[in-house]
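S.K.: Once you've had a glance at the structure underneath, I'll fire off some questions.
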Amino acid sequence: MKTNRSAEDYLECILLLSQQSEFVHRVEVARKIGVSQPAVQKAVKALTESGFIECDGLHLFLTAAGRDYAERVYARHCIIRDFLKMHGVNALDADSDACEMEHCISEATYQMMKKYVKG
């Protein structure tokens with residue numbers, strides 16, 4: 001994995017898939033993110049070494065640290081998406097843009113958006 005962004009995308013993906021099913025498979029992650037299975041394998045290795053996920057050979061599981069990190073990333077995504085929707089951006093574009101913005105906006109900008117969304 002090249003960047004923190006990549007790690008965050010994988011963790012967020014595994015979190016969302018784990019909310020839909022008890023077991024998360026590499027092929028599902030590859031399909032959802034739109035990458036090859038070798039790319040997922042490389043990411044799994046890095047995330048395992050970082051202590052964010054565990055793998056039983058077949059299934060991927062978030063560790064407590066991985067779940068915490070993934071939930072923070074996803075919460076950030078949701079706030080940004082909701083902020084954009086509140087300002088007239090259609091749902092599809094708001095979700096897509098939030099995927100990009102969640103990795104690059106400052107903490108101050110995020111807190112402003114959060115305050116605005118939460119009222």
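S.K.: Taking residue 35 as the residue in question, decide whether it is of a type in the set (A, V, I, L, M), within 21 Å of residue 95 (Cβ to Cβ) and surrounded by 14 or more Cβ atoms within 10 Å (Cβ to Cβ).
M.R.: Values: of a type in the set (A, V, I, L, M): yes; within 21 Å of residue 95 (Cβ to Cβ): yes; surrounded by 14 or more Cβ atoms within 10 Å (Cβ to Cβ): yes.
For residue 35, the condition - of a type in the set (A, V, I, L, M), within 21 Å of residue 95 (Cβ to Cβ) and surrounded by 14 or more Cβ atoms within 10 Å (Cβ to Cβ) - is met.
S.K.: Could you run through the stretch 17-27 and say how many residues are in a helix (DSSP H, G or I) and either at pLDDT below 95 or open to solvent by 60 Å² or more (accessible area, probe 1.4 Å) (or both)? Explain how you work it out, then say what you get.
M.R.: Step one: list which residues in the stretch 17-27 are in a helix (DSSP H, G or I), which gives 17-20, 26-27.
Filter again for either at pLDDT below 95 or open to solvent by 60 Å² or more (accessible area, probe 1.4 Å) (or both), leaving 19-20.
Adding up the residues that qualify gives 2.
S.K.: Return the residues of the stretch 72-116 that are closer than 18 Å to residue 6 by Cβ and either of a type in the set (Gly, Ala, Ser) or open to solvent by 80 Å² or more (accessible area, probe 1.4 Å) (or both); say none if nothing qualifies. So that I can check it myself, show each step before the final result.
M.R.: Within the stretch 72-116, the subset closer than 18 Å to residue 6 by Cβ is 72-74, 76-77, 96, 98-105.
Listed by number, the residues that qualify are 72, 96, 98, 100, 104.
S.K.: If the requirement is being touching a helix residue (DSSP H, G or I) at 6+ places or on another chain (Cβ under 9 Å) and over 15 Å from residue 17 (Cα atoms), which of these qualifies: 56, 82?
M.R.: 82
S.K.: In the stretch 39-67, how many residues are in contact with a Leu (Cβ under 8 Å, 6 or more places away or on another chain), open to solvent by 30 Å² or more (accessible area, probe 1.4 Å) and in a helix (DSSP H, G or I)?
M.R.: Residues that pass the stated criteria total 1.
S.K.: With in a helix (DSSP H, G or I), under 26 Å from residue 104 (Cα atoms), touching an Asp or Glu at 6+ places or on another chain (Cβ under 6 Å) and modelled with pLDDT of 95 or more as the only criterion, which of 30, 70 stands out?
M.R.: Working: 30 fails: touching an Asp or Glu at 6+ places or on another chain (Cβ under 6 Å).
Within the list 30, 70, the selection yields 70.
The values are calculated or read from the model by the stated rules, or taken from the named source; none is laboratory data. What you see is a predicted model; the values in this text were computed from it and never measured. Cβ sites come from the backbone with ideal geometry, for glycine too, and all protein chains shown count toward neighbours. Note: accessible area is taken over every heavy atom of the protein model, side chains too, but ligands, DNA and RNA are not part of it. Shrake-Rupley method; radii C 1.70, N 1.55, O 1.52, S 1.80 Å.
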